Amino acid sequence: MKVREIYDLVNALSFEEKRKLNLLLSQNPSAHLSLFQLIQGGASFDLEVLAQKSGLTRKLLHKAFIRLGSSILETPVLFEEGTVPGVLVVAQRLTSLGLYKLALEQIEKGLKMALLKDRFELAFDLLELQKIICPNQKDEINKQKDEICLAKDELVRLQLLKSNAFELNRERVRGKDVSLPFAAVKKNALLHQASFKSISARIISLKVKYRLALWESDDVRVVEFVNQMIPLLIKMDDPVMEMDLVTATTSKAISILRLGWFEQADAALAQIILKPVSSAPAQKMQLNLYLSTALAYAGDYGLEKVATPAFRILEERKDEIEGESYYPMICFLAAKAAWALGKPEVAMRYLIPLTPASCKSFNQDIYGMSRLLRLLFMLDLQDLDLHNDIQSASRYFSRKGNQSVAIKTFLQMVGEIIRTEYSARPIILRKYLPQFTSLKKIKPEFLFFDTVEIEPWIESKLSGKRINNILLEKWKESKREAPNGRISSF
């Protein structure tokens, strides 16, 4: 807005509107209140005189004019009682006052917002008002309306494509063969280029592509599509989109970890928690996904650089999440990560919050698995007074009805270790290692082997290597065998 336009705007207000504005500005006295009162008192448009009377320099006077203009357009004084301020109403009122330049500025601002948020009806109303102000531009405005109609149709097609993709994935999860229709949806998604001004149309297009890549474990494409989505999601500045932003940055971090791009892992994980979100649910989700992702992969691969900032943030924001339902799971993952990095005493501390009551909301028996991990931690700490703990764990799993062969074998091995001299323990470990290797192939034993890294632990004891180095070696071996496959159950 120009200074003269703001001066004319003040003079165009009715007596009642000026009275209301004066009351509102008086609640927080400032330079632009003094300026408003000068103009209201009949001061002519002479910047030298206005600067002298207000006691402001020319530079400060200009700032006061801009703030005054913003205050007028952002307060309800221009509108009838009971109406809600909005760009359309402001533009209509400015038009009725004959302030066409200011009205066109509001229309331009409103059109950007409407196209950003896909508020097509608002865009049509603003363009109709622009036709009234600029009748000689009717053809150009009608052409713009046609483009908006195309954008509206494009968004509908994209929403249908998204629905089809998600429905096909649900069918695939149920075990149905959807390879042909899935391929068709993928082809349409990759061919489609949402190129109009509508940002949400482009986001939906990218979301479909990124989801398809995610379902096919195509980690490189996941990273590519999420990188394109992030600036668009931030630009939308919408609470719903904030949740998408958090899940997308998490997917990107997981893909980078699975690809083994560990040099980029720190930055990708930091992106989850550092991206600005304003809503409380998004902030809670952001912290949960960051901690669970960083700690899970630090535990799976023995990544100290990933674990260190995660442990720091967990300690700094402990009070914030201690009462949350997911807190026991975070502690469980933190315990695994600390143990994998050769810190069993730290790992023991993270197991303390895990109780039958705190873990009852989880589908998996996290508390039961924590009891098995505790036995390993105690062995690492050379605490061999474990006879009662072994018996208690055995009774717990028997009572639960889920004492698998692997769990039973594990408890037997720990029992033999604590009864054997230190020099003879490698013989016991060598005896049990092939048994665990064989049991790992049995599907019902998956939870035990996914939770208790028993093979790497035995190998570390036999070789003298740190367990995190063995975990990393096993990961590299799995990538060589299946470069495009999932390498973690997370």
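Bear in mind these aren't lab numbers, they're just calculated from the coordinates by the rules spelled out. Remember, it's a predicted structure, so these values are computed and weren't measured experimentally. Methodologically, a virtual Cβ is constructed for each residue, glycine included, from the backbone with ideal geometry; neighbour enumeration extends over all protein chains shown.
Quick notes on this structure:
- Neighbour counts of C-beta atoms inside 10 Å place 149, 359 in the sequence 149, 359, starting with the fewest.
- Among the listed pairs 360/465; 18/101; 284/441; 209/440; 252/474; 284/461, a Cα-Cα separation exceeding 28 Å is found for 360/465; 284/441; 209/440; 284/461.
- GluC sites (Glu not before Pro) restricted to region 204-274 and DSSP loop, no more than 11 other C-beta within 10 Å: none
- Theoretical FRET efficiency, 1/(1+(r/R0)^6), r = Cβ-Cβ of residue 156 and residue 355, R0 45 Å, to 0.05: 0.30
- Evaluating 6.51 cos²θ - 1.76 cosθ + 1.60 at θ = phi - 60° for every residue in region 388-398, the Karplus couplings come out as 5, 5, 5, 5, 4, 5, 4, 5, 4, 5, 5 Hz, glycine and proline recorded as x.
- Model label sites at residue 43 and residue 235, defined 7 Å from Cα along the beta-carbon direction, differ in position by 4.1 nm.
- Taking Cα atoms only, the orientation of helix 239-259 departs from the longest principal axis of the chain by about 40 degrees.
- Going from the fewest other Cβ atoms within 10 Å to the most, the residues 405, 87, 208 appear in the order 405, 87, 208.
- In order along region 323-331, phi translates into HN-Hα couplings of x, 6, 5, 8, 4, x, 5, 4, 5 Hz, rounded to whole numbers, per the Karplus curve 6.51 cos²θ - 1.76 cosθ + 1.60 with θ = phi - 60° and x for Gly and Pro.
- For the chain, the normalised intensity computed at q = 0.11 Å⁻¹ comes to -0.99 (log10 of I(q)/I(0), Debye sum over alpha carbons, equal scatterers, no solvent).
- Simple spin-label estimate for residue 141 and residue 66 gives 3.0 nm between the two label positions (7 Å along the Cα-to-Cβ direction from each Cα).
- Computed from phi, the 3J(HN,Hα) profile of region 155-162 under the Karplus parametrisation 6.51, -1.76, 1.60 (θ = phi - 60°) reads 5, 4, 4, 5, 4, 5, 4, 4 Hz, with x in place of Gly and Pro.
- Note on the chain: helix-only mean residue ellipticity at 222 nm, from DSSP H runs of 4+ residues weighted -39500 (n - 2.57) and normalised by residue number, equals -24000 deg cm²/dmol.
- Whole-number percent relative contact order across region 353-465, with pairs defined as alpha carbons under 8 Å at least 6 apart: 23 percent
- In a simple Cβ point-charge model (Lys, Arg +1; Asp, Glu -1; nothing else charged), the chain has a dipole of about 880 debye relative to its Cα centre.
- Each label was represented as a point 7 Å from its Cα along the Cα-to-Cβ direction; for residue 322 and residue 440 these points are 3.9 nm apart.
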